[in-house]
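S.K.: Shown below is the structure under consideration.
The values are calculated or read from the model by the stated rules, or taken from the named source; none is laboratory data. Computed from a predicted model, the values in this text were never measured in an experiment. As a convention, Cβ positions derive from the backbone with ideal geometry for all residues, glycine included, and neighbour counts pool all protein chains shown.
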Ligand SMILES: [Zn+2]
């Protein structure tokens, strides 16, 4: 709880950088299919590149036009995918990429970073820097479990960031100033999450901290900290939330994920009170008639059991630390 509280206040301090309401955007350039991507303009000069084929091994990248050049959020899962993105960006904008901001140290988000031009300033959290510097850290863990069982997966090279921060960082610009907001020093979805806030347009790029439905990979994360991060993100009152996968949406998917996690936590705590054997708790929660109300049980791949197991592990650790049988 103490850690969660501290995290909450760190996140709350980030809210001071929230800016004024969005002004009316100028007419955006035409959207549509661009090679393997579908481009959607979210606000003047803010463009989401989404995979045209959701099963094609690509992920979302956000491109922000600034007076000082382009800023890209997330680098695609592999150097090959990043080269496809860079090709499309070059065709559309004819401007240099100045910044690459990496939301977290998973190959899905950052595996393509090494393909960006050497002149790009790579920005990430302190947690990202420490994770990728650790040879024993499994950069490709999430991407590997997405591959078919038995399929070989080689984690892509890890790019070390140049600009690293544990605390909020402002990249000033007369067109789109950007706030890079690391999610404190604790793991939420990963060991080094950050969000990218564009105050004038109220656009928030969140990596894997928000999923399009309550079905989220929690492999190396911490659900308690994740809930705190979701609360802080919702306090920003974003108009558009950009996840690593799926469409940009309003804040509702973030709310639903928070409610899903909170529901699991309540169910797991009750199961411990009811002395359900710990090996049975995940099934017990899934068998609840309410599970389909709070969780997306039909999604594929499904991370729902993992979400519950993460909460069980955190609850066991919490009880152990406090000497509760
Ligand atoms: Zn991830």
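S.K.: Return the residue satisfying two criteria in turn: it lies in the stretch 180-200 and is surrounded by fewer than 22 Cβ atoms within 10 Å (Cβ to Cβ) and modelled with pLDDT of 95 or more, and of such residues it is nearest to the ligand (Cβ to nearest atom).
M.R.: It comes out as 199.
S.K.: Checking the condition away from the ligand (no atom under 16 Å from the Cβ), touching a helix residue (DSSP H, G or I) at 6+ places or on another chain (Cβ under 9 Å) and modelled with pLDDT under 95, which residue from 95, 158, 144 passes?
M.R.: Details: 158 fails: away from the ligand (no atom under 16 Å from the Cβ); 144 fails: away from the ligand (no atom under 16 Å from the Cβ).
95 is the lone residue from the list that is away from the ligand (no atom under 16 Å from the Cβ), touching a helix residue (DSSP H, G or I) at 6+ places or on another chain (Cβ under 9 Å) and modelled with pLDDT under 95.
S.K.: Then there is this: Is it the case that some residue within the stretch 150-161 is in the same structural domain as residue 102 (by TED's automatic domain parsing) and not in a loop (DSSP other than H, G, I, E, B)?
M.R.: Restricting attention to the stretch 150-161, the residues satisfying the condition of being in the same structural domain as residue 102 (by TED's automatic domain parsing) are 150-161.
Pick out the ones that are also not in a loop (DSSP other than H, G, I, E, B) and you get none.
Checking the stretch 150-161: not a single residue is in the same structural domain as residue 102 (by TED's automatic domain parsing) and not in a loop (DSSP other than H, G, I, E, B).
S.K.: Moving to a separate point now. Quickly run through the stretch 109-122 and pick out the residues that are closer than 27 Å to residue 54 by Cβ and either within 16 Å of the ligand (Cβ to nearest atom) or out of contact with any helix residue (DSSP H, G or I) (no Cβ under 9 Å at 6 or more places or on another chain) (or both).
M.R.: 109, 110, 111, 112, 113
S.K.: Name the single residue that is nearest to the ligand (Cβ to nearest atom) among those in the stretch 240-258 being touching a helix residue (DSSP H, G or I) at 6+ places or on another chain (Cβ under 9 Å) and within 28 Å of residue 57 (Cβ to Cβ). Can you show your working first?
M.R.: First pass over the stretch 240-258, keeping only residues touching a helix residue (DSSP H, G or I) at 6+ places or on another chain (Cβ under 9 Å): 241, 243-246, 251, 254-258.
Narrowing the set further to residues that are within 28 Å of residue 57 (Cβ to Cβ) leaves 241, 243-246, 254, 256-257.
Details: 241: 16, 243: 10, 244: 7, 245: 9, 246: 13, 254: 16, 256: 18, 257: 14 Å.
Looking at the filtered set, the residue picked out is 244.
S.K.: For residue 237, which of the numbered conditions (1) in a loop (DSSP other than H, G, I, E, B); (2) away from the ligand (no atom under 16 Å from the Cβ); (3) under 17 Å from residue 49 (Cα atoms) fails to hold?
M.R.: That leaves (3) as the condition not met.
S.K.: Shifting gears a bit: Quick one: residue 106 ticks every box in (1) surrounded by 24 or more Cβ atoms within 10 Å (Cβ to Cβ); (2) more than 16 Å from the ligand (Cβ to nearest atom) except a single one, so which number is it?
M.R.: Unmet for residue 106, out of (1) surrounded by 24 or more Cβ atoms within 10 Å (Cβ to Cβ); (2) more than 16 Å from the ligand (Cβ to nearest atom): (2).
S.K.: Considering each of 210, 276, 285, 242 in turn, give the residue that is in the same structural domain as residue 42 (by TED's automatic domain parsing) and either assigned to a loop (DSSP other than H, G, I, E, B) or over 27 Å from residue 46 (Cα atoms) (or both).
M.R.: Values: 276 fails: in the same structural domain as residue 42 (by TED's automatic domain parsing); 285 fails: in the same structural domain as residue 42 (by TED's automatic domain parsing); 242 fails: either assigned to a loop (DSSP other than H, G, I, E, B) or over 27 Å from residue 46 (Cα atoms) (or both).
That would be 210, the only listed residue that is in the same structural domain as residue 42 (by TED's automatic domain parsing) and either assigned to a loop (DSSP other than H, G, I, E, B) or over 27 Å from residue 46 (Cα atoms) (or both).
S.K.: Which of the following residues is part of a helix (DSSP H, G or I) and touching a residue at least 12 places away in the same chain (Cβ under 8 Å): 313, 299, 292, 262? It would help to see each step written out before you state the result.
M.R.: Numbers: 313 fails: touching a residue at least 12 places away in the same chain (Cβ under 8 Å); 299 fails: part of a helix (DSSP H, G or I); 292 fails: touching a residue at least 12 places away in the same chain (Cβ under 8 Å).
Among 313, 299, 292, 262, only 262 is part of a helix (DSSP H, G or I) and touching a residue at least 12 places away in the same chain (Cβ under 8 Å).
S.K.: Looking at 181, 230 in this structure, which one is without any contact (Cβ under 8 Å) to a residue 40 or more places away in the chain and within 13 Å of the chain's Cα centre (by Cα)? Reasoning before the result, please.
M.R.: On the way: 181 fails: without any contact (Cβ under 8 Å) to a residue 40 or more places away in the chain.
Answer to the check: 230.
S.K.: To continue, here is another question. Here is a list of conditions, (1) touching a strand residue (DSSP E or B) at 6+ places or on another chain (Cβ under 9 Å); (2) within 23 Å of residue 216 (Cα to Cα), and residue 111 meets all of them except one; can you say which number that is?
M.R.: (1)
S.K.: Related question: Within 16 Å of the ligand (Cβ to nearest atom), over 16 Å from residue 103 (Cβ atoms), surrounded by 24 or more Cβ atoms within 10 Å (Cβ to Cβ) and in the same structural domain as residue 108 (by TED's automatic domain parsing): does that describe residue 215?
M.R.: Values: within 16 Å of the ligand (Cβ to nearest atom): yes; over 16 Å from residue 103 (Cβ atoms): yes; surrounded by 24 or more Cβ atoms within 10 Å (Cβ to Cβ): no; in the same structural domain as residue 108 (by TED's automatic domain parsing): yes.
No, not satisfied.
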